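The structure appears below as structure tokens.
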Amino acid sequence: MLPEPGQPEPERRYSFRAVTEGDLPLLRRWLEAPHVAEWWTDGTEASLASIREAMDSVSVEPLIVELDGRPIAYLQAYDPHLEDDHPYADQPFGTLGLDISIGPAELLGVGHGSAILAQFAQDLFDEGAPRVVIDPDPKNHRAIRAYEKAGFRVLGERTSQYGPALLMALDADEED
């Protein structure tokens with residue numbers, strides 16, 4: 001959620017750092033957890049390979065989200081305009097896409113997802129991004145609620161390389 005004009009910036013709770021090889025065992029545990037595996041349907045090995053590939057990519061930035069120095073989530077930002085035939089290439093130039101997974105199951109449903117996304121989206125807007133999109137599975141009601149809480153609005157359903165997706169957007173010039 002973005003602050004009202006003239007209001008102070010909310011306290012920054014989360015830090016973001018690049019994924020390293022040393023994070024892969026932790027990411028493996030998270031990907032194997034039922035609440036993550038349900039939505040990362042390619043399987044653990046393929047998902048880890050995708051994250052490892054993203055570590056060297058120019059179009060995807062894989063990140064670990066930390067709270068008080070503790071890793072709590074995987075977040076990746078990507079530019080749909082740098083990937084051939086990306087289903088979101090019709091979005092305004094400069095739009096960035098996000099994917100997020102909360103790692104520890106005990107941290108689900110307590111507001112971290114929406115707070116992380118609101119803070120990170122503000123960082124991207126401060127860097128000049130006009131829009132941020134996210135595309136949960138239409139059946140992932142927990143994620144959709146979290147994204148709406150962060151200010152995202154539904155643009156419509158799409159089909160991505162992973163199947164049905166609910167395309168949601170948050171624009172830099174939107175106010176809560």
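The single condition among (1) without any contact (Cβ under 8 Å) to a residue 12 or more places away in the chain; (2) crowded, with 19+ Cβ neighbours inside 10 Å; (3) not polar (S, T, N, Q) that Ala169 does not satisfy is (1). Across segment 150-158, a minimum of one residue is classified as aromatic (Phe, Trp, Tyr) and farther than 23 Å from Ala18 by Cβ.
Let's see how each residue does on (1) in contact with a helix residue (DSSP H, G or I) (Cβ under 6 Å, 6 or more places away or on another chain); (2) under 21 Å from Asp84 (Cα atoms); (3) hydroxyl-bearing (Ser, Thr, Tyr):
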{"position": "Asp137", "(1), (2), (3)": "no, no, no"}
{"position": "Ala143", "(1), (2), (3)": "no, no, no"}
{"position": "Tyr147", "(1), (2), (3)": "no, no, yes"}
{"position": "Glu157", "(1), (2), (3)": "no, yes, no"}
{"position": "Tyr162", "(1), (2), (3)": "no, yes, yes"}
{"position": "Ala165", "(1), (2), (3)": "no, yes, no"}
{"position": "Ala172", "(1), (2), (3)": "yes, no, no"}
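Starting from segment 58-76, take each residue that is within 14 Å of Arg28 (Cα to Cα) and list its partners that are among the charged types (D, E, K, R), counting only C-beta distances under 6 angstrom and pairs at least six apart or across chains. Within 6 Å, the pairs are Ile64/Arg17; Ile64/Asp23. Screening segment 69-104 for residues that are buried (at least 20 other Cβ atoms within 10 Å of the Cβ) and in a loop (DSSP other than H, G, I, E, B) and picking the one that is modelled with the lowest pLDDT gives Tyr88. For segment 39-62, residues that are of a type outside the set (S, T, N, Q), surrounded by 13 or more Cβ atoms within 10 Å (Cβ to Cβ) and modelled with pLDDT of 90 or more total 8.
The residue list Val36, Val65 contains one member that is touching a strand residue (DSSP E or B) at 6+ places or on another chain (Cβ under 6 Å), part of a strand (DSSP E or B) and surrounded by 13 or more Cβ atoms within 10 Å (Cβ to Cβ), which is Val65.
Glu53: among the charged types (D, E, K, R), under 24 Å from Leu31 (Cα atoms), in contact (Cβ under 8 Å) with a residue 24 or more places away in the chain and not in a loop (DSSP other than H, G, I, E, B), yes or no? No, not satisfied.
Looking at segment 74-100 only, could you name the residues that are touching a Leu at 6+ places or on another chain (Cβ under 8 Å) and under 19 Å from Trp40 (Cα atoms)? Within segment 74-100, Tyr74, Leu75, Gln76, Ala77, Tyr78, Leu98, Asp99, Ile100 qualify.
The values are calculated or read from the model by the stated rules, or taken from the named source; none is laboratory data. Since the model is a prediction, treat every value here as computed from it, not as a measurement. Glycine also receives a Cβ, built like all others from the backbone with ideal geometry; neighbour counts cover every protein chain displayed.
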